[in-house]
Structure formats: structure tokens, C-alpha cells
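The structure appears right after this line, and notes come after that.
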Amino acid sequence: MIKNKKILIVGAGGFIGGHLTKKLLENNNSIVAADIKPKEYWFQDFENVKNYYSMDMKEINNCRKVTKNIDYVFNMACNMGGMGFIENNKAECMQSVLINTNLLIACKEDGIKKYFFSSSACAYNKSKQQDVFVEGLKENDAYPADPEDGYGWEKLFSERMCRHFMEDYGIEVRIGRYHNIYGPYGTFDGGREKAPAALCRKVIEAKQNNKKKIEVWGDGKQTRTFLYIDDCIEGTLRLFESNYSEPVNIGSDEQVSINQMIEIIESVTNTKKLERVYQLDKPKGVRGRSSNNDLVKKILNWSFKIKLKEGLKKTYNWISGEMSKQGSNLSRFTKS
Ligand code: GDC
């Protein structure tokens, strides 16, 4: 595990960036943390982070302010969300290319040795994701390129940018392709939430309001693999310390339909079966997506540990706690 290093985390105010910051602080690293959000909206508070920056990292001069005297850089920043956001905000999503590009340029100028880029399963070719319960996507299924429009193109292009900064300027890069990461301290309302948090919230709301129905986007048969945040952080750090510089899936093996995920939420929370109201006109994304984890097992000797049942229970309990708090605490997880 990385120890006693000076690390820049861009996107530290977000969901995955926040958990990564916490873990690296526990291992006595010195953290420089940057995020576009004002500090009061960062998803987690850290007492021992010395340098906080709330600034737009699409600007190269802001990147240059934070890359001095740094050992490692983690780029966890992008303008993103679940299907409801990325399907309707393609231009915004694509502008995250400026964060990665300008950060890499600043890293090159300051002689940074190692750089992590948080990519996404949305980088994969859509033609391999047209059925439910599909074969897991292998890393080379990203080419020929036909990723998710907008957000996925940005991720694929930025992966490529990392590769060329390594080849041409010698910056060691590590690239994780995340498969729908979920857990506490993430967005659960407001439009950017992904399915696990959204569906936990809807079940909680139904119970609070004594309703017998929940709204589900699509027909509920679409499939995914979801990865709990603690596994994501462990996979990320192991990948960072490996010698492997090509993109690698960080995902689970537990492929479920959205209907099955709702059943799991109901069963772990003792909720009586709710009637599903299927909203076929809502954003659905690909029909089926799952992570093939052969490569990550081979190169890192690592696999996810937390089953969906356990992860959803923790996520549900955390969201339920946040929803019962009134006022400002809630808003940081519902704003962009
Ligand atoms: O949003 P998401 O989790 O993103 O949606 C998964 C599926 O769940 C979709 O088919 C969606 O229609 C369905 N769904 C049903 N009800 C709801 O209330 C709901 N809210 C949401 N959000 N979805 C619902 C994601 C990207 C991420 C990220 C990961 C990588 O795509 O949005 O930004 O990069 O992929 O795997 P998903 O899995 O399509």
C-alpha cells in the first residue's frame, strides 16, 4: 500500500475521490486535494488534508498550481452521473477532456512520475452490450471504438491521451475502467444518481410515504455488474502499484438485472414487495453490461469481495440516515 508519499487527488470532493482520499490519509500520505465544488459540498470532510483547492481543473493554470512537488497524481475528476445525467448532458461530459489533458500537461512540466486515470465501462463498444446477461466485457472490447456517446467518447479519448503521455514523455500511467461503483457518500438524488442509490432512495421514499409502488426506468430487465466502493478503492490502489499500464476493468462478477437488484434491496431491508411502475421513456443506456475480470485477477491476483447483498444494505442504511437528517447535510449529496 502507498505510504508516506505526497499525492494530488483531483476530484477529491466527489464520491470515489473522497473514499480514495480517506484511504490514502489513513496510510500516512500527505494529500493535496482539489475539486471544482465549494468545500461545503465535498462529499467527505478530512481533518488532516493540508491543502484544499476549490477550483476548475479544466483550466491549465489551476492544474499548474497543484502539481508542484508531488509524487503521484490521481485524476478522479469528471462531470458525470448516472444515465439520467450522461444521456442529457453530452457536451458537458465531453469537456472533462480538458481536465485530463491539462493535468497531464502540468504533470509533464513538473516531472510527475506516476498518474492514475479513472475511466469507465462506458468506454466499451456498444455493439457488445445489446442483450441482457451478456458475456463480460474484456479490455480489448473497447475497440473498434463505438463507446457511449458523449461521456464514453471522452473516457476513451482520455485513456488514449494517457497512453501517449506515457509513450512520448515517460509518465507512468495506470487506468481503471470502473463498472458502476456504488456505496455510501455518493449522490442519491438530484439527477446524477446511478441506479443502486436511486433505487434505494425510491424504496425508502415509498416506505416513508406508505406507497406501494416504485418507478423504474426501462423494463427492469436490463443487466449490469455493480461494484461496492471499498472494493473499488482496493482495486484502484493495487492497480496503481502494479506494473500494468493498459486499461483494466475494476468491477464485480455478479451480473444482475435491475429487477433483481430491486428484489435484493427489498429482501435485505425487510420491505414488502413493491409494485414496479416501468417508465419506458426514461434513459436506459445499454441493454446489458458486465465486467470480465480475468485480467485483473491475473495481474493483481485480486477480486472483489463485497457481495451486492451486503453492499446494498450498507448503501441503503446510509441513504436512509441521510434522508432522515434535515437541511444542509443532505444537500451536498444532491447537488452537482
Ligand atoms: O444510471 P445507471 O446506474 O447507469 O443505470 C443503470 C440502469 O438502471 C439503466 O438501464 C437505467 O435505466 C436503470 N434504472 C432504473 N431505474 C433510476 O431510478 C433507475 N435511476 C437510474 N439512474 N437508473 C435507473 C453508468 C454511467 C456511469 C458510469 C457507469 C460505468 O451507466 O451512468 O456514469 O460510468 O455506467 O459502468 P449505467 O450503468 O447505465
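Quick look at the numbers
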read-out: At 1.567 mPa s and 4 °C, Stokes D of the chain from Kirkwood alpha-carbon radius, µm² per second; value: 64
read-out: Sites matching trypsin sites (Lys or Arg not before Pro) across the stretch 194-234 that sit in DSSP coil, with at most 10 neighbouring C-beta atoms within 10 Å; value: K212
read-out: Relative contact order computed over the chain (Cα-Cα under 8 Å; 6+ residues apart), in percent; value: 19
read-out: Counted charge near G176, where neighbours are those whose Cβ lies closer than 12 Å (Asp, Glu -1; Lys, Arg +1); value: -1
read-out: Percentage relative contact order, the stretch 190-336, counting C-alpha pairs under 8 Å, at least six apart; value: 37
read-out: C-alpha center-to-center spacing [the stretch 32-52, the stretch 294-322] in angstrom; value: 25
read-out: Portion, in percent, of the accessible area of the stretch 1-107 that falls on carbon or sulfur, probe 1.4 Å; value: 46
read-out: Proximal aspartates and glutamates relative to K23, as straight alpha-carbon distance under 18 Å, when same-chain residues fewer than 8 apart are discounted; value: D35, D45, E47, D71, D230, D231, E234, E241
read-out: The chain, accessible area per residue, ligands and nucleic acids excluded (1.4 Å, Å²); value: 44
read-out: GluC sites (Glu not before Pro) within the stretch 37-83: DSSP coil, no more than 16 neighbouring Cβ in 10 Å; value: E47, E59
read-out: Carbon/sulfur fraction of accessible area - the stretch 213-336, other protein chains in place, 1.4 Å, %; value: 45
read-out: Straight-distance crosslink candidates among aspartates and glutamates, where the alpha carbon sits under 12 Å from K68 and sequence neighbours closer than 8 are dropped; value: E109, D110
read-out: Cleavage-rule hits, trypsin sites (Lys or Arg not before Pro), the stretch 272-305, DSSP coil, Cβ neighbours within 10 Å at most 10; value: K272, K273
read-out: Scattering curve values for the stretch 21-90, log₁₀ I(q)/I(0), Debye with Cα scatterers, q = 0.15, 0.20 Å⁻¹; value: -0.59, -0.96
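The values are calculated or read from the model by the stated rules, or taken from the named source; none is laboratory data. None of the values given here were measured: they were computed from a predicted structure. Don't worry about glycine lacking a Cβ; one is built from the backbone with ideal geometry, like all the others, and counts go over all protein chains shown. The accessibility values were calculated without ligands, DNA or RNA, using every heavy atom of the protein model including side chains. Shrake-Rupley method; radii C 1.70, N 1.55, O 1.52, S 1.80 Å.
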